[in-house]
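Asks: I am attaching a structure below and will ask some questions about it afterwards.
The values are calculated or read from the model by the stated rules, or taken from the named source; none is laboratory data. Just so we're clear, the structure is a prediction, and the values are computed from it rather than from any experiment. Positions of Cβ are generated from backbone atoms using ideal geometry, with glycine treated the same way; all protein chains shown enter the neighbour counts.
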Amino acid sequence: MIIHHPLLGPRDSSEFVYLGDASLINRPDWQAEDATEAFYDYAYLRDNPAGEHRELWFHEGGDRSWLVVTRNTATHEISKVELARDVARAQGRSK
Amino acid sequence: MHDLVAITALGGTEPKIDRVGSVTCTETPGVALASVAARQGREDKTRNAVSQLIGAETPAVGKFTGGPIIAFWTGPDQWMIEAPFETHEDLAHLVKENTGDTASVSEQTDAWVRFDLDGEGVLAVLELLSSLDCRKMAAGAASRTSIHHLGCFVLCRASGSFSVYGPRSSAGSLHHAIVAAMKSAL
């Protein structure tokens with residue numbers, strides 16, 4: 001499997017490690033009223049789609065950037081690769 | 001004063017040189033290193049400061065520029081600065097003076113071991129060592145990759161001439177991997 005790194009171009013997937021669902025970058029506010037429920041949801045509840053799935057990959061054997069990879073879980077086709085920091089900043093996050 | 005003897009990363013008093021076929025692997029201890037990471041919102045200022053320091057355009061993705069102080073790209077808004085140890089022993093201090101509060105600077109001298117690979121068959125050796133597409137690397141290219149499960153930087157100094165930076169604490173393992181690959185490939 002080849003992952004098209006947005007900066008470095010096509011790289012072998014063996015250079016990357018998989019973390020999990022891309023929603024993990026949206027860590028809940030620990031001071032919120034419903035923090036307990038939000039963290040339960042954040043830590044344990046996952047969708048398991050047969051199809052397009054957004055997930056976090058770490059380029060460990062490369063430039064060590066975090067990526068959001070859109071991958072079809074049925075075909076392994078990768079349709080989109082973004083830097084996770086760009087995704088977070090597009091959502092108005094500062095870091 | 002203690003009477004201390006300087007040793008190289010491989011433990012010798014002289015840098016180790018290995019020759020197999022047409023390729024030479026030279027341990028190169030005489031370098032000072034410092035890493036630079038731009039602070040958020042000050043990326044452009046950091047880029048300018050690095051550019052002034054190295055006397056060249058700050059390297060883009062996958063490149064290195066400058067001389068005798070060079071910078072190579074290590075990640076988004078991050079660079080490693082390299083200079084001859086003899087003249088720039090206090091490199092991290094110099095880099096910090098240049099970048100000020102626009103960037104975070106870390107001393108990296110002696111955190112890395114450098115092996116220079118030169119010779120005609122060097123691409124065959126690098127192909128065995130990593131998944132990097134080294135045949136597409138021209139002079140001035142720099143990339144991080146995994147060699148022997150170690151995170152290493154590979155710099156293409158000129159055609160057929162590469163530098164490999166690996167973690168100094170694993171210098172022996174990296175040296176073994178390189179020499180084994182040289183014996184296999186050549």
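Asks: If A:Glu82 meets every condition in (1) away from every other protein chain (no Cβ under 14 Å); (2) in contact with a strand residue (DSSP E or B) (Cβ under 7 Å, 6 or more places away or on another chain); (3) of a type outside the set (A, V, I, L, M, F, W, C); (4) more than 23 Å from B:Cys152 (Cα to Cα) apart from one, which number is that one?
Replies: A:Glu82 satisfies every listed condition except (1).
Asks: Being in a helix (DSSP H, G or I), charged (D, E, K, R) and either surrounded by 15 or more Cβ atoms within 10 Å (Cβ to Cβ) or in contact (Cβ under 8 Å) with a residue 60 or more places away in the chain (or both) is the filter here; which residues of segment B:44-63 pass it? Full working, then the answer.
Replies: Just the residues of segment B:44-63 that are in a helix (DSSP H, G or I), to begin with: B:44-54.
From the residues that got through so far, the ones that are charged (D, E, K, R) too are B:44-45, B:47.
Passing the criteria: B:Lys45, B:Arg47.
Asks: For segment A:41-95, give me each residue that is polar (S, T, N, Q), over 12 Å from the mean Cα position of the chain (by Cα) and closer than 26 Å to B:Arg39 by Cβ. Spell out how you get there, then give the answer.
Replies: So the first thing to find is which residues in segment A:41-95 are polar (S, T, N, Q), and the list is A:48, A:65, A:70, A:72-73, A:75, A:79, A:91, A:94.
So of that shortlist, the ones also over 12 Å from the mean Cα position of the chain (by Cα) come out as A:48, A:72-73, A:75, A:79, A:91, A:94.
Result: A:Gln91, A:Ser94.
Asks: A:Ala38 fails exactly one of the following numbered conditions: (1) surrounded by 13 or more Cβ atoms within 10 Å (Cβ to Cβ); (2) more than 16 Å from the chain's Cα centre (by Cα); (3) at pLDDT below 95. What is the number of that condition?
Replies: Result: A:Ala38 fails condition (3) only.
Asks: If you don't mind, another one. Report the residue count in segment B:120-153 for those that are away from chain A (no Cβ under 11 Å) and closer than 22 Å to B:Ser173 by Cα.
Replies: Final tally of qualifying residues: 11.
Every residue, every condition in (1) farther than 15 Å from B:Thr26 by Cβ; (2) in the same structural domain as B:Phe72 (by TED's automatic domain parsing); (3) crowded, with 18+ Cβ neighbours inside 10 Å, yes or no:
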site	(1), (2), (3)
B:Val125	no, no, yes
B:Leu128	yes, no, no
B:Ser131	yes, no, no
B:Ser143	yes, no, yes
B:Cys152	yes, no, yes
